[in-house]
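Read through the structure below, which is laid out as C-alpha coordinates, and then see the notes.
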Amino acid sequence: MAQRSPSPPAPVVLLDPAEVRAACDRARAGGHGVGFVPTMGALHQGHLALVSEARRRAGYVVVSVFVNPKQFGPNEDFARYPRDLAADVAKLAPLGVDVVLAPHVDSVYPPGDETRVRPGAIAAPLEGAHRAGHFEGVATVVAKLFGIVGPCVAILGRKDYQQLLVVRRMVRDLFLPVDIVGHPIVRDPDGLAMSSRNVYLSPDERRRALAIVAGLDDAARAFARGERSARALERCARAPIELAAASIDYVEARDADTLAPIEGDVAARAVLAVACRVGATRLIDNVVLGEDAPPLGS
Ligand code: AMP
(Lines give C-alpha, C1' and ligand atoms only; values in the text may rest on other atoms or scores of the structure.)
Protein backbone atom coordinates (compact mmCIF):
# COMPACT_ATOMS: atom_id res chain seq x y z
CA MET A 1 0.00 0.00 0.00
CA ALA A 2 1.33 3.43 -0.90
CA GLN A 3 2.41 5.41 2.12
CA ARG A 4 0.88 8.84 2.48
CA SER A 5 3.54 11.45 3.05
CA PRO A 6 2.97 13.11 6.43
CA SER A 7 1.24 16.50 6.15
CA PRO A 8 3.42 19.40 7.23
CA PRO A 9 2.86 20.88 10.69
CA ALA A 10 0.19 23.61 10.82
CA PRO A 11 1.53 27.15 10.51
CA VAL A 12 1.91 29.09 13.74
CA VAL A 13 -0.21 32.24 13.68
CA LEU A 14 1.60 35.13 15.36
CA LEU A 15 0.18 38.59 15.98
CA ASP A 16 3.20 40.13 17.64
CA PRO A 17 5.91 41.48 15.30
CA ALA A 18 8.62 40.90 17.94
CA GLU A 19 7.74 37.20 18.14
CA VAL A 20 7.95 36.90 14.35
CA ARG A 21 11.34 38.58 14.32
CA ALA A 22 12.60 36.23 17.05
CA ALA A 23 11.30 33.16 15.17
CA CYS A 24 12.97 34.31 11.93
CA ASP A 25 16.23 35.06 13.77
CA ARG A 26 16.17 31.53 15.23
CA ALA A 27 15.55 30.03 11.78
CA ARG A 28 18.48 31.97 10.29
CA ALA A 29 20.73 31.05 13.23
CA GLY A 30 19.80 27.42 12.51
CA GLY A 31 21.02 27.82 8.94
CA HIS A 32 17.68 28.32 7.17
CA GLY A 33 16.99 30.98 4.62
CA VAL A 34 13.71 32.84 5.20
CA GLY A 35 11.14 33.15 2.42
CA PHE A 36 8.48 35.82 2.82
CA VAL A 37 5.18 36.46 1.03
CA PRO A 38 3.32 39.65 1.99
CA THR A 39 -0.45 39.53 1.35
CA MET A 40 -3.70 41.14 2.36
CA GLY A 41 -5.37 37.74 2.82
CA ALA A 42 -8.49 36.41 1.04
CA LEU A 43 -5.97 34.00 -0.42
CA HIS A 44 -6.41 32.42 -3.85
CA GLN A 45 -4.27 30.19 -6.06
CA GLY A 46 -2.22 33.20 -7.17
CA HIS A 47 -1.07 33.85 -3.61
CA LEU A 48 -0.50 30.13 -3.04
CA ALA A 49 1.78 29.95 -6.11
CA LEU A 50 3.93 32.69 -4.53
CA VAL A 51 4.03 30.72 -1.28
CA SER A 52 5.12 27.53 -3.10
CA GLU A 53 7.89 29.54 -4.76
CA ALA A 54 9.00 30.81 -1.33
CA ARG A 55 8.99 27.20 -0.08
CA ARG A 56 11.20 26.15 -3.01
CA ARG A 57 13.68 28.91 -2.27
CA ALA A 58 13.84 28.90 1.52
CA GLY A 59 13.82 26.51 4.46
CA TYR A 60 11.57 28.73 6.59
CA VAL A 61 8.47 30.42 5.19
CA VAL A 62 6.55 33.40 6.55
CA VAL A 63 3.30 34.69 5.03
CA SER A 64 1.81 37.96 6.27
CA VAL A 65 -1.92 38.60 6.18
CA PHE A 66 -2.52 42.27 6.83
CA VAL A 67 -5.08 44.56 5.23
CA ASN A 68 -3.06 47.76 5.31
CA PRO A 69 -5.33 50.77 5.89
CA LYS A 70 -2.67 53.22 4.67
CA GLN A 71 -2.76 52.00 1.06
CA PHE A 72 -6.49 52.52 0.60
CA GLY A 73 -7.95 55.87 -0.44
CA PRO A 74 -10.96 57.32 1.40
CA ASN A 75 -13.37 56.11 -1.31
CA GLU A 76 -11.82 52.65 -1.68
CA ASP A 77 -12.85 49.27 -0.31
CA PHE A 78 -10.84 49.02 2.96
CA ALA A 79 -13.90 48.40 5.17
CA ARG A 80 -15.40 45.72 2.96
CA TYR A 81 -12.17 44.08 1.75
CA PRO A 82 -12.70 40.29 2.23
CA ARG A 83 -11.17 38.99 5.48
CA ASP A 84 -11.15 35.36 6.67
CA LEU A 85 -7.98 34.47 8.59
CA ALA A 86 -9.10 30.94 9.52
CA ALA A 87 -9.75 30.09 5.85
CA ASP A 88 -6.41 31.63 4.85
CA VAL A 89 -4.50 29.57 7.43
CA ALA A 90 -6.29 26.40 6.25
CA LYS A 91 -5.19 27.12 2.64
CA LEU A 92 -1.59 27.68 3.75
CA ALA A 93 -1.35 24.58 5.96
CA PRO A 94 -0.66 22.01 3.17
CA LEU A 95 2.11 24.18 1.72
CA GLY A 96 4.47 23.92 4.67
CA VAL A 97 4.25 27.51 5.89
CA ASP A 98 6.01 28.03 9.21
CA VAL A 99 4.53 31.34 10.36
CA VAL A 100 1.48 33.39 9.45
CA LEU A 101 2.04 36.95 10.59
CA ALA A 102 -1.39 38.49 11.21
CA PRO A 103 -0.77 41.66 13.17
CA HIS A 104 -3.41 44.08 14.45
CA VAL A 105 -3.38 47.51 12.84
CA ASP A 106 -2.25 49.00 16.17
CA SER A 107 0.90 46.90 16.33
CA VAL A 108 1.93 47.93 12.80
CA TYR A 109 0.95 51.57 13.39
CA PRO A 110 1.25 52.04 17.18
CA PRO A 111 0.47 55.41 18.79
CA GLY A 112 3.17 57.90 17.82
CA ASP A 113 4.04 56.10 14.58
CA GLU A 114 4.86 58.78 12.01
CA THR A 115 7.62 57.63 9.64
CA ARG A 116 6.58 57.15 6.02
CA VAL A 117 8.44 55.86 2.94
CA ARG A 118 7.83 58.11 -0.06
CA PRO A 119 8.65 56.40 -3.36
CA GLY A 120 9.92 58.44 -6.31
CA ALA A 121 9.13 58.71 -10.01
CA ILE A 122 8.45 55.00 -10.45
CA ALA A 123 5.30 55.47 -8.32
CA ALA A 124 3.98 58.52 -10.19
CA PRO A 125 2.21 57.17 -13.33
CA LEU A 126 -0.47 54.45 -13.74
CA GLU A 127 -1.74 53.46 -10.27
CA GLY A 128 0.05 56.43 -8.70
CA ALA A 129 -1.87 58.85 -10.91
CA HIS A 130 -5.22 57.33 -9.93
CA ARG A 131 -4.68 56.36 -6.29
CA ALA A 132 -3.17 59.29 -4.40
CA GLY A 133 -0.96 58.09 -1.53
CA HIS A 134 -1.36 54.43 -2.46
CA PHE A 135 2.31 53.67 -3.04
CA GLU A 136 3.44 55.61 0.03
CA GLY A 137 1.12 53.29 1.98
CA VAL A 138 2.47 50.22 0.20
CA ALA A 139 6.15 51.16 0.53
CA THR A 140 5.72 52.05 4.21
CA VAL A 141 4.01 48.80 5.15
CA VAL A 142 6.37 46.66 3.08
CA ALA A 143 9.38 48.38 4.71
CA LYS A 144 7.85 47.64 8.12
CA LEU A 145 7.17 44.01 7.20
CA PHE A 146 10.72 43.58 5.86
CA GLY A 147 11.97 45.10 9.14
CA ILE A 148 9.90 42.59 11.12
CA VAL A 149 10.96 39.53 9.09
CA GLY A 150 14.59 40.57 8.60
CA PRO A 151 16.91 39.26 5.84
CA CYS A 152 14.86 37.14 3.45
CA VAL A 153 13.82 36.39 -0.10
CA ALA A 154 10.43 38.02 -0.74
CA ILE A 155 8.12 36.80 -3.49
CA LEU A 156 5.84 39.41 -5.09
CA GLY A 157 3.37 38.96 -7.94
CA ARG A 158 3.73 40.60 -11.34
CA LYS A 159 -0.04 41.10 -11.28
CA ASP A 160 0.81 44.28 -9.33
CA TYR A 161 3.60 45.13 -11.74
CA GLN A 162 4.17 48.72 -10.63
CA GLN A 163 4.11 47.67 -6.96
CA LEU A 164 6.87 45.14 -7.72
CA LEU A 165 9.01 47.89 -9.30
CA VAL A 166 8.31 50.31 -6.43
CA VAL A 167 9.35 47.69 -3.85
CA ARG A 168 12.46 46.71 -5.86
CA ARG A 169 13.50 50.37 -6.06
CA MET A 170 12.89 50.86 -2.32
CA VAL A 171 14.98 47.80 -1.43
CA ARG A 172 17.87 49.13 -3.52
CA ASP A 173 17.58 52.71 -2.31
CA LEU A 174 17.33 51.80 1.38
CA PHE A 175 19.88 48.93 1.26
CA LEU A 176 17.31 46.54 2.73
CA PRO A 177 18.61 42.96 3.14
CA VAL A 178 15.89 41.45 0.97
CA ASP A 179 16.05 39.65 -2.39
CA ILE A 180 12.96 40.42 -4.43
CA VAL A 181 11.57 37.76 -6.78
CA GLY A 182 8.76 38.63 -9.19
CA HIS A 183 6.29 35.79 -9.85
CA PRO A 184 4.28 35.51 -13.11
CA ILE A 185 0.56 36.33 -13.06
CA VAL A 186 -1.65 33.38 -12.13
CA ARG A 187 -4.89 33.27 -14.14
CA ASP A 188 -8.16 31.37 -13.92
CA PRO A 189 -8.54 28.76 -16.70
CA ASP A 190 -10.46 31.31 -18.83
CA GLY A 191 -7.65 33.84 -18.49
CA LEU A 192 -8.97 36.26 -15.87
CA ALA A 193 -6.14 37.29 -13.56
CA MET A 194 -6.87 35.96 -10.08
CA SER A 195 -7.62 38.66 -7.55
CA SER A 196 -9.17 38.85 -4.09
CA ARG A 197 -11.48 41.49 -5.58
CA ASN A 198 -12.94 39.07 -8.16
CA VAL A 199 -15.43 37.99 -5.44
CA TYR A 200 -17.13 41.37 -5.89
CA LEU A 201 -18.05 40.52 -9.52
CA SER A 202 -21.55 39.30 -10.43
CA PRO A 203 -21.63 36.40 -12.92
CA ASP A 204 -22.33 38.87 -15.73
CA GLU A 205 -19.49 41.18 -14.63
CA ARG A 206 -17.17 38.17 -14.35
CA ARG A 207 -17.88 37.42 -18.02
CA ARG A 208 -17.39 41.04 -19.04
CA ALA A 209 -14.09 41.20 -17.12
CA LEU A 210 -12.65 38.74 -19.66
CA ALA A 211 -12.42 41.71 -22.05
CA ILE A 212 -9.34 42.81 -20.10
CA VAL A 213 -7.33 39.66 -20.84
CA ALA A 214 -8.78 39.58 -24.38
CA GLY A 215 -7.42 43.10 -24.99
CA LEU A 216 -4.01 42.23 -23.56
CA ASP A 217 -3.96 39.04 -25.61
CA ASP A 218 -4.83 40.91 -28.83
CA ALA A 219 -2.03 43.40 -28.19
CA ALA A 220 0.50 40.66 -27.37
CA ARG A 221 -0.40 38.89 -30.64
CA ALA A 222 -0.12 42.13 -32.60
CA PHE A 223 3.32 42.65 -31.02
CA ALA A 224 4.32 39.09 -31.98
CA ARG A 225 3.26 39.86 -35.59
CA GLY A 226 5.59 42.86 -35.60
CA GLU A 227 3.45 45.81 -34.49
CA ARG A 228 5.73 48.15 -32.51
CA SER A 229 3.78 51.42 -32.33
CA ALA A 230 2.98 52.00 -28.64
CA ARG A 231 -0.26 53.88 -29.49
CA ALA A 232 -1.40 51.16 -31.91
CA LEU A 233 -0.75 48.47 -29.28
CA GLU A 234 -2.69 50.49 -26.69
CA ARG A 235 -5.60 50.95 -29.14
CA CYS A 236 -5.60 47.24 -29.82
CA ALA A 237 -5.86 46.38 -26.09
CA ARG A 238 -8.38 49.13 -25.44
CA ALA A 239 -10.95 48.13 -28.07
CA PRO A 240 -12.57 45.15 -26.28
CA ILE A 241 -12.15 46.76 -22.85
CA GLU A 242 -14.09 49.85 -23.95
CA LEU A 243 -17.06 47.68 -24.82
CA ALA A 244 -17.12 45.92 -21.43
CA ALA A 245 -15.82 48.32 -18.77
CA ALA A 246 -17.86 50.91 -16.87
CA SER A 247 -14.79 53.17 -16.97
CA ILE A 248 -11.10 52.93 -17.87
CA ASP A 249 -8.36 54.49 -15.73
CA TYR A 250 -5.57 53.63 -18.17
CA VAL A 251 -4.43 51.33 -20.94
CA GLU A 252 -0.78 52.30 -21.35
CA ALA A 253 2.42 50.86 -22.77
CA ARG A 254 5.42 51.98 -20.73
CA ASP A 255 9.08 51.11 -20.33
CA ALA A 256 9.10 47.77 -18.52
CA ASP A 257 11.90 48.80 -16.13
CA THR A 258 11.33 52.50 -15.45
CA LEU A 259 7.67 52.99 -16.47
CA ALA A 260 8.80 55.97 -18.55
CA PRO A 261 6.33 56.82 -21.34
CA ILE A 262 7.07 55.47 -24.84
CA GLU A 263 6.74 58.14 -27.51
CA GLY A 264 6.89 56.12 -30.72
CA ASP A 265 7.83 52.50 -31.01
CA VAL A 266 8.39 49.88 -28.35
CA ALA A 267 12.04 48.75 -28.51
CA ALA A 268 12.65 45.33 -26.99
CA ARG A 269 10.13 45.21 -24.12
CA ALA A 270 7.29 47.23 -22.68
CA VAL A 271 4.68 46.64 -20.01
CA LEU A 272 1.14 47.13 -21.27
CA ALA A 273 -0.88 47.89 -18.15
CA VAL A 274 -4.64 48.19 -17.68
CA ALA A 275 -6.85 49.47 -14.88
CA CYS A 276 -10.60 49.70 -15.33
CA ARG A 277 -13.89 49.25 -13.54
CA VAL A 278 -16.19 46.39 -14.40
CA GLY A 279 -19.43 47.32 -12.68
CA ALA A 280 -18.17 48.97 -9.51
CA THR A 281 -15.09 46.74 -9.17
CA ARG A 282 -11.68 48.13 -10.07
CA LEU A 283 -9.46 45.52 -11.74
CA ILE A 284 -5.84 45.67 -12.94
CA ASP A 285 -3.87 43.43 -15.27
CA ASN A 286 -0.83 43.63 -17.54
CA VAL A 287 1.36 41.85 -20.03
CA VAL A 288 5.05 42.44 -20.67
CA LEU A 289 5.38 42.68 -24.46
CA GLY A 290 8.59 41.08 -25.67
CA GLU A 291 8.71 38.81 -22.61
CA ASP A 292 5.35 37.23 -21.71
CA ALA A 293 3.50 34.85 -24.00
CA PRO A 294 0.03 36.07 -25.08
CA PRO A 295 -2.03 35.50 -21.90
CA LEU A 296 -4.75 33.42 -23.60
CA GLY A 297 -2.17 30.88 -24.78
CA SER A 298 -1.98 29.09 -28.09
P1 AMP B 1 -2.63 41.15 -2.33
O2 AMP B 1 -3.09 40.21 -1.25
O3 AMP B 1 -3.65 41.37 -3.39
O4 AMP B 1 -2.02 42.40 -1.77
O5 AMP B 1 -1.46 40.40 -3.08
C6 AMP B 1 -0.37 39.85 -2.37
C7 AMP B 1 0.68 39.42 -3.36
O8 AMP B 1 0.12 38.44 -4.22
C9 AMP B 1 1.17 40.56 -4.25
O10 AMP B 1 2.57 40.42 -4.45
C11 AMP B 1 0.40 40.35 -5.52
O12 AMP B 1 1.05 40.85 -6.66
C13 AMP B 1 0.32 38.84 -5.56
N14 AMP B 1 -0.77 38.40 -6.41
C15 AMP B 1 -2.09 38.68 -6.27
N16 AMP B 1 -2.80 38.13 -7.28
C17 AMP B 1 -1.91 37.48 -8.07
C18 AMP B 1 -2.01 36.72 -9.29
N19 AMP B 1 -3.17 36.51 -9.89
N20 AMP B 1 -0.88 36.22 -9.81
C21 AMP B 1 0.33 36.44 -9.22
N22 AMP B 1 0.49 37.14 -8.09
C23 AMP B 1 -0.61 37.66 -7.52
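The values are calculated or read from the model by the stated rules, or taken from the named source; none is laboratory data. Because the structure is a prediction, the values reported are computed rather than measured. With ideal geometry, Cβ positions are generated from the backbone for all residues, glycine too; neighbour counts draw on all protein chains shown. Surface areas here come from the heavy atoms of the whole protein model, side chains and all, with no ligands, DNA or RNA. Shrake-Rupley method; radii C 1.70, N 1.55, O 1.52, S 1.80 Å.
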Return the equivalent ellipsoid semi-axes of region 1-66 as a descending list in whole Å, where each equals the square root of 5 times an eigenvalue of the C-alpha gyration tensor. 21, 18, 12
By per-residue mean of other Cβ atoms within 10 Å, what is the highest-first order of 143-155, 7-19, 107-119? 143-155, 7-19, 107-119
With just the Cα atoms defining each centre, how far is region 75-94 from region 143-162? Give it in Å. 18
Over the chain, what is the relative contact order in whole percent, taking alpha-carbon pairs under 8 Å and six or more residues apart? 16
Picking from V199, V278, V251, which is most flexible by a Gaussian network model of the chain using Cα springs under 10 Å? V199
Across the chain, how large is the tail of the calculated P(r) beyond 29 Å, expressed as a percent of all Cα pairs? 37
Just going by the charge dipole of region 61-181, with Lys and Arg at +1 and Asp and Glu at -1 on Cβ, which of V171, V141, A124 is farthest out on the positive end? A124
Test item: Cα-centred dipole of the chain, Lys/Arg +1 and Asp/Glu -1 on Cβ, debye: 380
Per residue solvent-accessible surface (Å²) - the chain, probe of 1.4 Å: 47
If I compute solvent accessible area with a 1.4 Å probe over the protein chains, what percent of it on region 1-64 is carbon and sulfur? 54
Is the shape of region 75-117 rounded, prolate or oblate, going by the alpha carbon gyration tensor and its root eigenvalues a ≥ b ≥ c, with a/c under 1.5 for rounded and a/b larger than b/c for prolate? oblate
Considering all projection directions equally, how large on average is the shadow of the alpha-carbon convex hull of region 216-298, in square nanometres? 5.2
Ordering of 131-140, 211-220 by burial proxy (mean other Cβ atoms within 10 Å per residue, highest first): 211-220, 131-140
Let a ≥ b ≥ c be the square roots of the eigenvalues of the Cα gyration tensor of region 152-249; is it rounded (a/c under 1.5), or, if not, prolate (a/b larger than b/c) or oblate? oblate
Region 166-181 versus region 28-70: alpha-carbon centroid distance in Å: 16
Got the relative contact order for region 64-181 handy, in percent, Cα pairs under 8 Å and 6 or more residues apart? 28
Rounded, prolate or oblate: pick one for region 1-117, where a ≥ b ≥ c are the square roots of the eigenvalues of its C-alpha gyration tensor, a/c under 1.5 means rounded, and failing that, prolate if a/b is larger than b/c, else oblate. oblate
Just how much of R21 is accessible, in Å², when a 1.4 Å probe is used and the result is rounded to the nearest 10? 90
Given charges at Cβ of Lys, Arg, Asp, Glu: region 35-108 dipole, positive-most of S107, M40, F78: M40
Student exercise, region 82-127 dipole from Lys, Arg, Asp, Glu Cβ charges, in Debye to nearest 20: 120
What 222 nm value per residue comes from the helices of the chain, counting each DSSP H run with n ≥ 4 as -39,500 (n - 2.57) and dividing by all residues, nearest 500 deg cm²/dmol? -11000 deg cm²/dmol
Ellipsoid equivalent to region 118-194 - semi-axes via the Cα gyration tensor, in Å: 22, 18, 10
Go ahead and run the numbers for FRET between S107 and Q45, Cβ-Cβ distance against an R0 of 25 Å, rounding to 0.05. 0.30
The size of the Cβ-based charge dipole (Lys, Arg +1; Asp, Glu -1) of region 36-140 about the Cα centre, to the nearest 20 debye, is 260
Output the peptides 34-41, 240-247 sorted from most to least packed, where packing is the average of other Cβ atoms within 10 Å over each peptide's residues. 34-41, 240-247
